[in-house]
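Have a look at this one before I ask anything.
Values in this text are rule-based calculations from the coordinates and carry no lab data. Worth saying up front: this structure is predicted, and the values here are computed from it rather than measured. Cβ: placed from backbone, ideal geometry, glycine included. Neighbour counts: every protein chain shown.
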Amino acid sequence: MAAEAVTRIEKEKILIEVGACAVTILPQFGGKVASIRVKGHELLQAPLVPYAPRTRTMSFDEGDASGWDECLPSVANCTVKTVNGPVHVPDHGDIWRVEWKVLSSANGSLTMLAEGFSLPLALKRTITVAQTEMGYRLHAGYQVTNTGATVTPWAWSAHPCYASETGDVVTLPGSIKTLRLEGSGGGRLGKGGVSVAWPMAKLVTGGETNLSIATPPETGTGDKLFAGPLAATENWVALERPKAGVRLRVSFDPAATPYLGLWLCNGGWPDRPGTKQHCVAMEPTTAPVDSLGIEGSWSRSLAVGESFRWPMTLDLELL
């Protein structure tokens, strides 16, 4: 019999608990999913620095750089063309910086809304947590709406940084053989835009590296790559965490979000003194590039008052 789900709204956080799974959400910090714990194991990257208020201009690495955020309307800071002239979008977009409004809550679910500022976009997200035969499921349903008076460009990327340990394995559908490189620390995989073999990628200095296996944080690597556009059957990515006793499987709808971003960080970021990330970010997204300012066949816009909806699911399969 499945455990009953409970949602509790406290002063500065919201807890959703189902059996041995506990999810913590912080409305004032960009609606961040700050923690996902299963049987005592934390599955998200811990904060690199204490949580603190965000400004409209700070870079992402000035913050805690942890947990699960949403990137809208861009991942990279950029200048975009609009009918009203050029607009600057800050690093990792608007939404992770602003306080989210709670619209509704029920046992096991929470609906929240965030308003952007660089572009007139509102993001609504409903997270539902439930127990399954395999473990637990977090389902996220999204809706973006143009709240402005003109056509507005946009791009979205999920930004959940899942904690990793040495030896954890990223798995993609077998049909995915190459990825597009957005960037890699020290240029070890080449220049941005090149095609990289998966999982055995060639190093610029010679030899190969297995991108699918997490290495120790002392390795000091950080690589961002994209897969897609994806076929209907290429709608998932997984992270095997044997020591934590769980397999994290992210699934999505390639008809709505046709690309997948992968951030593979083994102690190689941020580029400043202090604690580094050791994580894997599995990021369904609308675009194969980080910048909304780079236009292509993937570029999107919303008419005045128009909305777009899409899903993403995280299955926590107990090993």
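Looking at Pro199, Thr166, Met134, which one has the Cα that reaches farthest to the positive end of the dipole of region 131-237 (charges on Cβ: Lys, Arg +1; Asp, Glu -1)?
With unit charges placed on the Cβ atoms, the residue in question is Pro199.
Let me ask something additional. Cβ under 12 Å from Trp269's Cβ, Trp269 left aside: what net charge do those residues give with Lys, Arg +1 and Asp, Glu -1?
0
Among residues other than Thr152 whose Cβ falls under 15 Å from its Cβ, what is the net charge (Lys/Arg +1, Asp/Glu -1)? List each step's numbers first, then the result.
Working: positive: Lys81, Arg300; negative: Asp94, Glu115, Glu295, Glu306.
Local charge sum for Thr152: -2.
Taking just the alpha carbons, could you work out the radius of gyration and Dmax for region 180-319, both in angstroms?
When restricted to Cα atoms, region 180-319 yields Rg and Dmax of 16.4, 52 Å.
While we're looking at this one, here's another question. Return the FRET efficiency for the residue pair Val204, Thr166: r is the Cβ-Cβ distance, R0 is 25 Å, and the value is rounded to the nearest 0.05. Walk me through the intermediate numbers first.
Working: r = 24 Å, r/R0 = 0.94.
My answer for the efficiency is 0.60.
Still on this structure, I have one more. Using a 10 Å cut-off around each Cβ, can you sort Trp298, Trp68 from fewest to most neighbouring Cβ atoms?
Values: Trp298 16, Trp68 27.
Listing Trp298, Trp68 from fewest to most nearby Cβ atoms yields Trp298, Trp68.
Continuing with the same structure: Across the chain, how many lysine pairs, 8 or more positions apart or on different chains, have C-alpha atoms separated by under 13 Å? Please give the number.
Going through the chain pair by pair, I get 7.
Hey, another quick one. Taking other Cβ within 10 Å of each residue's Cβ, how do His88, His139 sort, fewest first?
Working: His88 11, His139 16.
By the 10 Å Cβ count, ascending: His88, His139.
Per the chain: cysteines with no other Cys C-beta under 4.7 angstrom?
Those would be Cys21, Cys71, Cys78, Cys265, since no other cysteine Cβ in the chain comes under 4.7 Å of theirs.
Oh, and also: So what is the relative contact order of the chain, in percent, for Cα pairs below 8 Å that sit 6 or more residues apart?
That works out to 18 percent.
For region 1-86, which GluC sites (Glu not before Pro) are in a loop by DSSP, counting at most 12 other Cβ atoms within 10 Å?
Counting only loop positions with at most 12 other Cβ atoms within 10 Å, the GluC sites (Glu not before Pro) in region 1-86 are Glu4, Glu10, Glu12.
Further question: With the cut-off at 18 Å, report for region 1-108 the share of all Cα pairs above it, as a whole percent.
Details: 3213 of 5778 pairs.
Everything past 18 Å amounts to 56 percent.
Please rank Leu302, Leu230, fewest neighbouring Cβ atoms within 10 Å first, as an exposure proxy.
In increasing order of surrounding Cβ atoms, one gets Leu302, Leu230.
Might you report the magnitude of the Cβ-based charge dipole of region 143-234 about its Cα centre, with Lys and Arg at +1 and Asp and Glu at -1, to the nearest 20 debye? Mind showing how you got there, number by number?
Values: 6 positive and 7 negative charges, 73 e Å.
For this selection, approximately 340 debye.
What nm value, rounded to one decimal, do you get for the distance between Tyr51 and Ala303 when each label is placed 7 Å out toward the C-beta?
4.0 nm
Work out Dmax and Rg for the chain from the C-alpha atoms and quote the Rg first, both in angstrom.
Computed over the Cα atoms of the chain, radius of gyration and Dmax are 18.7, 57 Å.
Find the centroid of the Cα atoms in region 239-294 and in region 102-178, then give the distance between the two in whole Å.
Value for the Cα centre distance between the two parts: 13 Å.
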